[in-house]
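Report on the following structure.
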Amino acid sequence: MRFAGAVMAVVCAAIQLLGATAALAADRWKIGRGEGAATATTYSINTLSTTARTIEYRAALVISCKASRYPVWRASILIRRAISGQGGIPVTMRYDNGVPFEDVWTLGDYNRSLNMDGEQALARLARARRFDLSWRFGLFSGEGQAVFDVAGLDDAIADLAKACGVSVPVGTPGTQRERKPNS
């Protein structure tokens, strides 16, 4: 009997730990709602520096939906230091421990944000636990890199979709079209 009680205590502790881990992942995302739009924001686990003064700050990853915008879904990286250029900016991305690959994001907000519109990028991000993005500030200005813990994003996306009155992006964990046949 004593052994069974000890086993039960270990099982209960494991269940509580898993629940607490899921709650921490969901709490990492700060949700904002208003007028047909919603955002989920988290901050990088690493810091970036500005060049004029050495000010350390964390980049923000903002996932947003807006029913009146096309495309409805957007991922943005907000930074303090302006990036030189216009239009598309080449970035290097990596999900979890996967192979890094090149992509092009657009500049916005006075060249202090990088934006990727559309469901496909968001669905890839929602399936990851870690997201690493790097970019160049300019020809001679160096490189920026932001690393995010994106665990719990699939739950945040479901909350955003509900707040915006739109469907969850196809391919996001939990959507019908993402599941394999006969599962």
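The values are calculated or read from the model by the stated rules, or taken from the named source; none is laboratory data. If you're wondering where the values come from, they're calculated on a predicted model, not measured in any experiment. Here Cβ is always computed from backbone atoms with ideal geometry, including for glycine, and neighbour counts include all displayed protein chains. Surface accessibility is based on the protein's heavy atoms, side chains included, excluding ligands, DNA and RNA. Shrake-Rupley method; radii C 1.70, N 1.55, O 1.52, S 1.80 Å.
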Among strands (runs of 3 or more DSSP E) completely within the stretch 3-95, the ones holding 3 or more residues that are at pLDDT 75 or above and closer than 14 Å to Leu133 by Cα are 60-66, 73-78, 88-95
Residue pairs within 8 Å by beta carbon, gap of at least six or interchain, first lying in the stretch 97-125 and under 14 Å from Trp73 (Cβ atoms), second part of a helix (DSSP H, G or I) and open to solvent by 30 Å² or more (accessible area, probe 1.4 Å), listed first then second, are Ala123/Glu178
The lone condition Asp132 fails out of (1) buried (at least 18 other Cβ atoms within 10 Å of the Cβ); (2) closer than 26 Å to Ala37 by Cβ is (2)
The lone condition Arg124 fails out of (1) modelled with pLDDT under 90; (2) open to solvent by less than 10 Å² (accessible area, probe 1.4 Å); (3) not in a loop (DSSP other than H, G, I, E, B) is (2)
Of the residues in the stretch 137-156, those that are part of a strand (DSSP E or B), open to solvent by less than 10 Å² (accessible area, probe 1.4 Å) and modelled with pLDDT of 95 or more come to Phe148
